[in-house]
There are 2 protein chains.
Amino acid sequence: MAVTLQQIAEAAGVSRGTVDRAMNNRGRINPEVAERIRLIAKKMGYQPNRAGRALAMSGRSLTIGVIIQVAGTPFMEKVLEGILQAKEEAERLGANVLIRKIPDMSAEKVIAEIEELRKGGCDGIALMPVDDRRLRETVDSLAEEHIPVVTFNTDIEDSARICFVGQDAMQSGRAAAGLMAEIMPFGGKVLVISGYLSNHSNKSRTKGFVEELSASREDIDILDVQYAFDDDRIAGMIAEEMVKEYSDLGGIYLTASGVEGVCESLERCGLSGKVRVISNDLTDQNIRFLKEGKIRFLLGQDAHKQGYEPVMLLFNKLFDGKDPEKEFMYTEIVIKTKYNL
Amino acid sequence: MAVTLQQIAEAAGVSRGTVDRAMNNRGRINPEVAERIRLIAKKMGYQPNRAGRALAMSGRSLTIGVIIQVAGTPFMEKVLEGILQAKEEAERLGANVLIRKIPDMSAEKVIAEIEELRKGGCDGIALMPVDDRRLRETVDSLAEEHIPVVTFNTDIEDSARICFVGQDAMQSGRAAAGLMAEIMPFGGKVLVISGYLSNHSNKSRTKGFVEELSASREDIDILDVQYAFDDDRIAGMIAEEMVKEYSDLGGIYLTASGVEGVCESLERCGLSGKVRVISNDLTDQNIRFLKEGKIRFLLGQDAHKQGYEPVMLLFNKLFDGKDPEKEFMYTEIVIKTKYNL
DNA sequence: TTGAAAGCGCTAACAA
DNA sequence: TTGTTAGCGCTTTCAA
């Protein structure tokens, strides 16, 4: 049986309440006594009993807010599942988890939600942000009020959030390059289609891909990086132009959306399955293309973890006072073929 | 706030004790009353409070035994980490988790450990078994005593274990075939080196690989499946023989151990990195070879999950009465290149 | 077949 | 500054 507050109280010749004050730095206690009690507790190997604490604190409102985009993509569904699992676990231990779904992640909307939560007496916030100066300032102001913030999927760099849970985008690009290098014949040409130049994650993936592929396969010619603004039509046009221009185009890497447009163009040109397509994100559509052989490899993220961990990190911080181990919690880079979906 | 037993009791006009008896099928209750109470509870959306239950049950000894091989491989280390995480979670809720490490998994040793645990009043057992008739009988006898058993990593087929947590070996073989198909040139020759013919997992991987590769790449010639008995020397000899015999040998798939022998042979023949090697298991050595480009792809298992889930499945069964959702809990087939280790 | 009550480890309000 | 006590939701024993 584990050591209890009562046992420590007896060993120290004081009351439970005093031990509680010592162990939780609640003040109203003689510092020397507190020190002595903590020493005894340590010697006895005291570990607070979660069930007891949870029970005693139930009714009190340790509230964690989560701001998330509703978009019904399978990725977001999985993120949501992770959030819900964490919510269940945390609520079983007496916490409250409020999930605020908003239709789009404009900085204004997110900030508005944050203010709502702050007014509602929220103790910690997890959010999937956009990189925006005002948002950064809001997060910093939360930190000043000792409301911890965890970002997930997308980070707000150099903000006071206590942790970011998401993918190492640069490494994801490198991994894609490694796969492309495996399947490209000698001297082939490769096209990169990105989303937005301004998007940090797109940029990192592109950089990782280009750097790694140039380094590992000098024989391969990487054509210009094109931007399709997550638009299938534009992506399709780019692909079509390029295959016409370069009849020996052998591979296309997409850092973001636009896969459908690309696949349709290739189909039209009779090159479907011939030009090697590697893409990101485990969307339903991408998975379908993967199954059909139109995409060779799909790089994914651990969506569940991106939902689960932020809530749990906040819970551990608020409930047990435990800080996250690192500022960045990178989720695994998942490689999918049609065989391990 | 969540619904409590007390609230249900009030709603039903009975006492807490009666509600408890109804909800947990403890008997000593009028069946009709019980039914009525359960209905009310369901309507009110009752969810038992874990903290309360844990607290009330603390002191009682819900004990879970885990039998595991000590072998200090990184895989087993991760399995152990998973076990330890589950142990911590379960013990926070008042359970006891006993981990019995044994140096080898001979059926006798495992059975002896099981008997020890059984005598010690263990309430559930997780083990990583060998497929053995006597062991199967032991597991079945445990089931008769209502001691649930979960197998992990390796299964005891057709035994009374309530769940198996591990890999779908056949699918793992198929996934390897898919990768081989991606990187093999037209008309190449592929060699399969397996471990033991009698090993179920080796057999399934081989079957999955051969079936899938023959189906998807009719141009590829799959040479005989050779058995190396997890011996590097034998595996090396096989590889050497084969590259001498077939100068156009393009790929080798290893279902089990022997990678080092194969890589050395290829090195000697000046074919290192040229003959495409795909192998299983994320051992330190394999990872090194992967980094060095001697292995193209490594197929892995979710080791952490294989340790974590068995304990949690038993805990949920014993603590909440919740049975595992399925008889087989397949862990993900992980594809690793040097970029996503 | 049912109700009443003690107690699990902890927190927090109140009393001293 | 310290002690005492009620109570969180549940299980379990004893009494009715």
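Read-outs: derived from the displayed coordinates by stated rules, not from any lab. These numbers were taken from a predicted model, which means no experiment stands behind them. We place every Cβ from the backbone using ideal geometry, glycine too, and count neighbours over all the protein chains shown.
Observations on the model:
- J(HN,Hα) series, segment A:181-189, from Karplus relation 6.51 cos²θ - 1.76 cosθ + 1.60, nearest Hz, glycine and proline x: 4, 5, 9, 8, x, 4, x, x, 10
- Coil-residue GluC sites (Glu not before Pro) of segment A:302-336, DSSP, other Cβ within 10 Å capped at 11: A:Glu325, A:Glu327
- Net charge contributed by nearby residues that have their C-beta within less than 13 Å of A:Gly82 (K/R +1, D/E -1): -3
- Once the C-beta distance of A:Arg233 and A:Arg268 is scaled by a Förster radius of 22 Å, the resulting FRET efficiency is 0.95 to the nearest 0.05.
- Bridging of B:Lys109 to lysines at a Cα separation below 27 Å is possible for B:Lys78, B:Lys87, B:Lys101, B:Lys119, B:Lys203, B:Lys305, B:Lys317, once same-chain residues fewer than 8 apart are set aside.
- Averaging 1/r over every pair of different alpha carbons in chain A and inverting the result gives a Kirkwood radius of 22.7 Å.
- Here, segment A:1-143 has an Rg and a Dmax of 20.6, 59 Å when only alpha carbons are counted.
- Average beta-carbon neighbours from other chains, 10 Å sphere, peptide A:92-102: 2
- From least to most packed, judged by other beta carbons within 10 angstrom and beginning with the fewest, B:Glu32, A:Glu35, B:Glu113 follow the order B:Glu32, A:Glu35, B:Glu113.
- Rounded to the nearest 10 degrees, the inclination of helix B:74-92 to the longest alpha-carbon principal axis of chain B is 10 degrees.
- Whole-number percent relative contact order across segment A:255-341, with pairs defined as alpha carbons under 8 Å at least 6 apart: 28 percent
- Burial ranking of peptide ranges B:273-281, A:41-49, B:198-206, A:192-200 (average Cβ count within 10 Å, highest at the top): B:273-281, B:198-206, A:192-200, A:41-49
- Cα shape, segment A:1-48, gyration tensor, a/c 1.5 rule: prolate
- Mean projection area, nm², convex hull over Cα of the protein assembly as shown: 35.1 nm²
- Coil-residue chymotrypsin sites (Phe, Trp or Tyr not before Pro) of segment B:214-250, DSSP, other Cβ within 10 Å capped at 15: B:Phe229, B:Tyr246
- Remark: mean inter-chain Cβ contacts per residue of A:170-177 equal 2, using a 10 Å Cβ-Cβ cutoff to other protein chain atoms.
- Average partner coverage of B:50-60, which counts Cβ from other chains inside 10 Å: 5
- 0 to 90° range, to nearest 10: angle between helix A:259-268 axis and chain A longest Cα axis: 20 degrees
- Label 7 Å beyond Cα on the Cβ vector: B:Met237 copy-to-copy distances, nm: 6.6
- Computed 3J(HN,Hα) for segment B:39-55, one whole-Hz value per residue from the Karplus formula 6.51 cos²θ - 1.76 cosθ + 1.60 where θ = phi - 60°, is 5, 4, 4, 5, 4, 7, x, 5, 10, x, 7, 4, 4, x, 4, 4, 5, glycine and proline marked x.
- Shortest-first nm distances, A:Glu81 label point to equivalent points in other copies (7 Å, Cα→Cβ): 2.3
- Relative contact order, percent, chain B [alpha-carbon distance under 8 Å, six or more residues apart]: 17 percent
- Rg/Rh for segment B:235-341, where both radii come from Cα atoms and Rh is the Kirkwood radius: 1.19
- Straight-distance candidates among the aspartates and glutamates for linking to A:Lys189, with alpha-carbon spacing under 17 Å and chain neighbours fewer than 8 residues away dropped: A:Glu211, A:Glu212, A:Glu218, A:Asp219, A:Asp221, A:Asp224, A:Glu240, A:Glu241, A:Glu245, A:Asp248.
- For B:Val192, the residues whose modelled amide H falls within less than 5 Å of its own, excluding neighbours fewer than 5 places apart on the same chain, are B:Leu223, B:Gln226, B:Tyr253.
- Distance between segment A:284-331 and segment B:207-240 - C-alpha centres, whole angstrom: 36 Å
- The simple Förster model, with R0 at 22 Å and r as the Cβ-Cβ distance, assigns B:Arg60 and A:Ala2 a FRET efficiency of 0.95.
- Prolate/oblate/rounded label for segment B:175-243 (Cα gyration tensor, a/c 1.5): oblate
- Relative to the dominant Cα principal axis of chain B, helix B:200-216 is inclined by about 60°.
- In nanometers and ordered shortest first, the copy-to-copy spacing of the A:Ala112 label point, defined 7 Å from Cα toward Cβ, is 7.1.
- Cα gyration tensor shape for segment B:169-300, rounded if a/c is under 1.5, else prolate or oblate: rounded
- Other residues with beta-carbon under 15 Å from the beta-carbon of A:Phe229 carry, at +1 per Lys or Arg and -1 per Asp or Glu, a net charge of -2.
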